[in-house]
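Visitor: Below is the structure I would like to discuss, written out as structure tokens.
The values are calculated or read from the model by the stated rules, or taken from the named source; none is laboratory data. In this text the structure is predicted, and so the values were computed from the model without any measurement. Reconstructed Cβ throughout: ideal geometry from the backbone, glycine too, with neighbour counts over all protein chains shown. Surface areas here come from the heavy atoms of the whole protein model, side chains and all, with no ligands, DNA or RNA. Shrake-Rupley method; radii C 1.70, N 1.55, O 1.52, S 1.80 Å.
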Amino acid sequence: MTATINKTIVSGREIIVYLPPAYEMSKKKFSVVYIHDGGDLLYAQVDKVTALITGGKLAQLIFVGITTSKRLEDYTPWPAAAIAAERSNFGGKGADYLAFVANELKPYIDGKYRTCSSPEHTGIIGASLGGLISLYALYLYPEVFGKIGVISGSFWYEGFVEFMAETQLRNKQGRIYMDVGSKEGLGKGNIQKEMISRTKAAYKVLLSKGIPADNCRLIFNEGGTHEQSCFLSRFPDALHWLFPKEHSDCYTQ
């Protein structure tokens, strides 16, 4: 069995859709995972992920990669100053980006493919700022996204942990995966040096707001750094925890 990969354009953005091996062989409906940065967490290791799926180690999922040419706008919740002199300011248009995903892209995907459209079968995941905007989606669209993947999330972002502490969660049944590497922030001279402590703080806030401990997981990756290779290595485990294979079927015949 092989996966199918389709590409299309939705509102000017290239969208890459991965249909799992079982999709063409059944009439089932499938859970969907939306992935930032063009789906690089998947497509940089698509053969490995497909092998895990066909080997029964991961659930059969539809993946939707969403491209961006403006990460510092799309993946930030509000404007903020650059954290280094040589870098650009953060544009803070994350609400617009998530509105596109929730109100345009998701209806398109649900209309074109056999999907399970409920929050408990809809995930959104990313790394770094992509992880940050994934958690922001739980606040803005709790009726849409119920599975949240935050790989090395940028919780150092100005005001974000404070926003979490001040804002009530409308969906306390969401399932949230978070992780951080033990070497993240080392050697940094800016706010990123607080990567680990702010990730811990964000996790504690989620629990204090009523997310059951069984639904919120924080993993510390010994030796992990803020690099793509580390993000990729943890992606399959994040999927496995968010969508346990024995609980992922959502289809009707």
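Visitor: Quick check on my filter: what residues within segment 215-244 are polar (S, T, N, Q), in contact (Cβ under 8 Å) with a residue 12 or more places away in the chain and open to solvent by 70 Å² or more (accessible area, probe 1.4 Å)?
Guide: Correct list: Gln228 only.
A quick yes/no check of all residues on (1) farther than 23 Å from Asp237 by Cβ; (2) part of a loop (DSSP other than H, G, I, E, B); (3) of a type outside the set (Phe, Trp, Tyr); (4) open to solvent by 20 Å² or more (accessible area, probe 1.4 Å):
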| site | (1), (2), (3), (4) |
| --- | --- |
| Met1 | no, yes, yes, yes |
| Thr8 | yes, no, yes, yes |
| Gly39 | no, no, yes, no |
| Val49 | no, no, yes, no |
| Leu52 | no, no, yes, yes |
| Gly56 | no, yes, yes, yes |
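Visitor: Aliphatic (A, V, I, L, M), out of contact with any Asp or Glu (no Cβ under 6 Å at 6 or more places or on another chain), at pLDDT 95 or above and under 17 Å from Ile125 (Cα atoms): is that true of Met164 in this structure?
Guide: Judged against the criteria, Met164 is not a match.
Visitor: In addition: Residues of segment 10-37 being out of contact with any His (no Cβ under 9 Å at 6 or more places or on another chain), at negative phi, assigned to a loop (DSSP other than H, G, I, E, B) and open to solvent by 10 Å² or more (accessible area, probe 1.4 Å), which ones?
Guide: Passing the criteria: Ala22, Ser26, Lys27, Lys28.
Visitor: Kindly indicate which of Arg198, Arg170 is closer than 26 Å to Gly146 by Cβ, free of Cβ contacts under 8 Å to residues at least 60 places away in the same chain and either in contact with a helix residue (DSSP H, G or I) (Cβ under 7 Å, 6 or more places away or on another chain) or in a helix (DSSP H, G or I) (or both).
Guide: Sole residue among the options that is closer than 26 Å to Gly146 by Cβ, free of Cβ contacts under 8 Å to residues at least 60 places away in the same chain and either in contact with a helix residue (DSSP H, G or I) (Cβ under 7 Å, 6 or more places away or on another chain) or in a helix (DSSP H, G or I) (or both): Arg198.
Visitor: Filtering segment 73-104 down to residues that are over 16 Å from the mean Cα position of the chain (by Cα) and outside any loop (DSSP other than H, G, I, E, B), which residue is surrounded by the most Cβ atoms within 10 Å (Cβ to Cβ)?
Guide: For segment 73-104, the residue satisfying everything is Phe90.
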